[in-house]
Amino acid sequence: MVELFEQLEFKENPLFEKVIEDILIQKYSIVDDFFSPGDVAQLRDSLLAKYEEDHFKKAAIGNRVNELIIKAIRGDFILWMDESSNDVLEQQFFLKINELANYLNKTCFMGILFKEFHYAIYPEGTFYKRHLDTFQNDDRRKLSMVCYLNEPDWIPEKDGGELVLYLPTEHGEEAKHITPFPGRVVIFESQELEHEVKPAHRERLSITGWLKTR
Ligand SMILES: O=C(O)CCC(=O)C(=O)O
Ligand SMILES: [Fe+2]
């Protein structure tokens, strides 16, 4: 009997509880220290090394079957991550993501079964026009997550590259501007919030992904 109780023991996680509360109330959550400065530096170095080895490709519009490169809409380069790869850093990254997904499933019955994440680089001068993440005929996307890997000295006014979330209000909408500070993670409802990336005036680095159902 003792064993059974031990298995059922549930430990409340204040950070994840905050994320859930935010999403329920405002459809998005901003967590400033989801990743430590050390983790961010390692992930950034790894991203840049893969980029220099030329593993990235021009991001496309639409799903992988319908790849149409439209520079006027988005200018980033991406590299999909692989949870089953030998890359220890990526494994650590997914441990943390899985921890959150499991917590959401346990406490909110979110039914998250799949996930997909990619590294992204926005070269200087690039952007991603206003869009909804489920436009890519993928309504399984439940939550979008963006993890910023920029240099610590990112200056909002000078470096640009803000994420803008368009929040529906009673009489229209409100634009929420979010600076891509390193270590910051933004989580939002994929099917609800349109958003855009403003032009980056300096190379802008991130990992973006989706927690998916079914
Ligand atoms: O990098 C960001 O802030 C958002 C990226 C985005 O909207 C996307 O990749 O769909
Ligand atoms: Fe998006």
Next item on the list: With θ set to phi - 60°, apply the Karplus curve 6.51 cos²θ - 1.76 cosθ + 1.60 along region 155-163 and write out the HN-Hα couplings as whole Hz, x wherever there is a Gly or Pro.
Entry: 10, x, 5, 8, 8, x, x, 5, 8
Check: Using the Kirkwood formula over every pair of different C-alpha atoms, what hydrodynamic radius in Å results for the chain?
Finding: 18.1 Å
Check: Hey, got a sec? Which GluC sites (Glu not before Pro) in region 143-214 land in a DSSP loop and have at most 14 other Cβ atoms within 10 Å?
Finding: Glu170
Next item on the list: Starting from 0 in steps of 5 Å, tell me what percent of the Cα-Cα pairs of region 108-213 lands in each bin.
Entry: 3, 12, 21, 24, 18, 14, 6, 2, 0
Next item on the list: Could you run the Debye sum over the Cα atoms of region 72-149, one equal point scatterer each and no solvent, and tell me log10 of I(q)/I(0) at q = 0.18, 0.23 Å⁻¹, two decimals?
Entry: -0.94, -1.26
Margin query: With angles folded into 0 to 90 degrees, how steeply does helix 88-108 sit against the dominant principal axis of the chain? Use alpha carbons for both and round to 10.
Written below: 60 degrees
Next item on the list: For Met81, list long-range residues whose amide hydrogen, built 1.01 Å from N in the peptide plane, is under 5 Å from its own amide hydrogen.
Entry: Phe117, His118, Tyr119
Notebook entry, point to check: Over the chain, what is the mean sequence separation of C-alpha contacts under 8 Å (at least six apart), divided by residue count, expressed as relative contact order in percent?
Noted result: 28 percent
Next item on the list: Quick one: which residues, 5 or more positions from Met110 or on another chain, have an amide H under 5 Å from its amide H? H modelled 1.01 Å from N in the peptide plane, none for Pro or chain starts.
Entry: Asn105
Item checked: Cα long-axis angle, helix 14-26 against the chain (0 to 90 degrees, to the nearest 10) -> 60 degrees
Notebook entry, point to check: For the chain, what does -39500 (n - 2.57) per DSSP helix run (n ≥ 4), summed and divided by total residues, give at 222 nm, in deg cm²/dmol to the nearest 500?
Noted result: -9000 deg cm²/dmol
Margin query: Which one, Ile78, Ile155, Ile121, has the greatest fluctuation when you compute a Gaussian network model over the chain with C-alpha springs under 10 angstrom?
Written below: Ile155
Check: Angle between the Cα long axis of helix 37-52 and the longest principal axis of the chain, 0 to 90 degrees, nearest 10?
Finding: 50 degrees
Item checked: Greater than 32 Å apart at Cα, pairs in Lys50/Lys106; Lys11/Lys129; Lys58/Lys158; Lys50/Lys212; Lys71/Lys115; Lys11/Lys198 -> Lys50/Lys106; Lys11/Lys129; Lys11/Lys198
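Every number here is computed from the coordinates shown, using simple stated rules; none is lab data. None of these values were measured; they are calculated from a predicted model. FYI the Cβ positions are ideal-geometry reconstructions off the backbone, even for glycines, and counts take in every protein chain you see.
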